[in-house]
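Read-outs throughout are calculated quantities, based only on the coordinates presented, and are distinct from any laboratory measurement. Values in this document were obtained by computation on a predicted structure and should not be read as measured data. Using ideal geometry, Cβ is built from the backbone for each residue, glycine included, and neighbour counts are taken over all protein chains shown.
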Amino acid sequence: MGKHSLPSLPYAYNALEPSISEEIMTLHHTKHHQTYVTNLNAAEEQLEKLTSAGDVKGAIGLQPALKFNGGGHINHSLFWKNLAPHGSHEAKAPSSGPLFEQINKDFGSLDALQKEMNTKTAAVQGSGWGWLGYNKSNQTLEVITTANQDPLLSHVPIIGIDIWEHAFYLQYKNVKPDYLKAIWDVVNYKEAEARLVAAKK
Ligand SMILES: [Fe+2]
């Protein structure tokens, strides 16, 4: 057993339907995320061996595997928590409070934020992530994208959207805008607000 393990989902595999199908959720969690965890543990184990053997070159050669699988584990762990069943208290769009106020200040409205985030996320070439991130240096929420499984390091992640094909293809085929439109019905705004409040401390 390695150091990292697959976190369990805070809801059932079918709980995000119709936005995200049970089939996608099951594969995404038990196969894709599990693979990042398995490969991260293997890479860390190997790194330990190389480091204790004084093999600097070998350790440097492991960096891409650490970044890819470590990023995959971090990003998916955030992603599951920033989703919640449609119609739940958590998925209710905010109409007051710190998240509501910050979004209005930085984007004008939740609609405007969603539009900007969907446009920028749909434009990711190949695989990657769209993020709503908090920029601590200017106390502003901003939309950023990252490639592959690169984790968001420049900002505190508030909401992440997986735009890898494995996240939507079985249900939405090549129509990314439909997936991106539907995902907002299952965004956990309570989690987003908690992350924002913690980031501002
Ligand atoms: Fe994914």
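Can you find, among 94, 175, 84, the residue farthest towards the positive end of the dipole of the chain? Put +1 on the C-beta of Lys and Arg, -1 on that of Asp and Glu.
Positive-most Cα among the choices belongs to 94.
About the Cα centre, and with charges only on the beta carbon of Lys, Arg (+1) and Asp, Glu (-1), how big is the dipole of the chain? Nearest 20 debye, please. Display every interim value, and only then the final one.
Details: 18 positive and 20 negative charges, 73 e Å.
So the dipole magnitude of the chain works out to roughly 360 debye.
Hey, what angle do you get for helix 110-122 against the long axis of the chain, alpha-carbon based, 0 to 90 degrees rounded to 10?
On a 0 to 90 degree scale, this one is about 40.
Scan around residue 159 for amide H atoms under 5 Å from its own, H built in the peptide plane at 1.01 Å from N, and keep only partners 5 or more places away or cross-chain.
Sorted by chain and number, the residues that satisfy this are 132.
Only Cα pairs within less than 10 Å get springs; with that Gaussian network setup on the chain, which residue of 174, 188, 135 has the largest fluctuation?
174
Averaging sequence separations of C-alpha pairs under 8 Å and six or more residues apart, then dividing by the length of the chain, give the relative contact order as a whole percent.
25
Fewest first, what order do 35, 121, 146 take by the number of other Cβ atoms within 10 Å?
With the fewest neighbours first, 35, 121, 146 line up as 35, 146, 121.
Restricting attention to the alpha-carbon atoms of region 148-193, what are Rg (one decimal) and Dmax (integer), both in Å?
Looking at region 148-193, its Cα Rg and Dmax stand at 12.1, 32 Å.
Of 107, 155, 132, which is farthest along the charge dipole of the chain in the positive direction, counting Lys and Arg as +1 and Asp and Glu as -1 at C-beta?
Result: 155.
Please give the helix 63-81 orientation as an angle from the longest Cα principal axis of the chain, in degrees from 0 to 90, rounded to the nearest 10.
30
Between 180, 99, 170, where does the largest GNM mean-square fluctuation fall for the chain, given springs only between Cα atoms within less than 10 Å?
Its mean-square fluctuation being the largest, the pick is 170.
Express in nm, to one decimal, how much length is gained between residue 51 and residue 96 on full extension, taking 0.36 nm for each residue of separation and deducting their alpha carbon distance.
That pair, residue 51 and residue 96, stretches by 11.1 nm at full extension.
Would you mind telling me which residue in 182, 15, 59 has the biggest mean-square fluctuation in a Gaussian network model of the chain, where springs connect alpha carbons within a distance under 10 angstrom?
Ranking 182, 15, 59 by mean-square fluctuation puts 59 first.
Say the dipole of region 22-81 comes from +1 at the beta carbon of Lys and Arg and -1 at that of Asp and Glu; which of 42, 25, 74 then lies farthest toward its positive end?
74
Could you give P(r) for region 65-141, binned at 5 Å from zero, as whole percent values over all Cα-Cα pairs?
Computed distribution, short to long bins: 3, 12, 16, 23, 24, 14, 7, 2, 0.
With contacts defined as alpha carbon pairs under 8 Å and 6 or more residues apart, what's the relative contact order of region 78-183 in percent? Display every interim value, and only then the final one.
Numbers: 133 pairs, mean separation 25.3, N = 106.
That works out to 24 percent.
Could you derive backbone 3J(HN,Hα) for region 182-194 from the dihedral phi with the Karplus parameters 6.51, -1.76 and 1.60 (θ = phi - 60°), listing whole Hz in sequence and x where the residue is Gly or Pro?
These are the phi-based 3J(HN,Hα) values: 6, 5, 5, 6, 10, 7, 8, 5, 5, 4, 4, 5, 4 Hz.
Tell me what the chain gives for mean residue ellipticity at 222 nm when only DSSP H runs of n ≥ 4 count, each as -39,500 (n - 2.57), the sum divided by the residue total, rounded to 500 deg cm²/dmol.
-14500 deg cm²/dmol
For the chain, what ratio Rg/Rh do Cα atoms give with a Kirkwood hydrodynamic radius?
Here Rg/Rh amounts to 1.00.
Mind running the shape call on region 22-81? Use the C-alpha gyration tensor, a ≥ b ≥ c as the square roots of the eigenvalues: rounded below 1.5 for a/c, prolate if a/b tops b/c, oblate otherwise.
prolate
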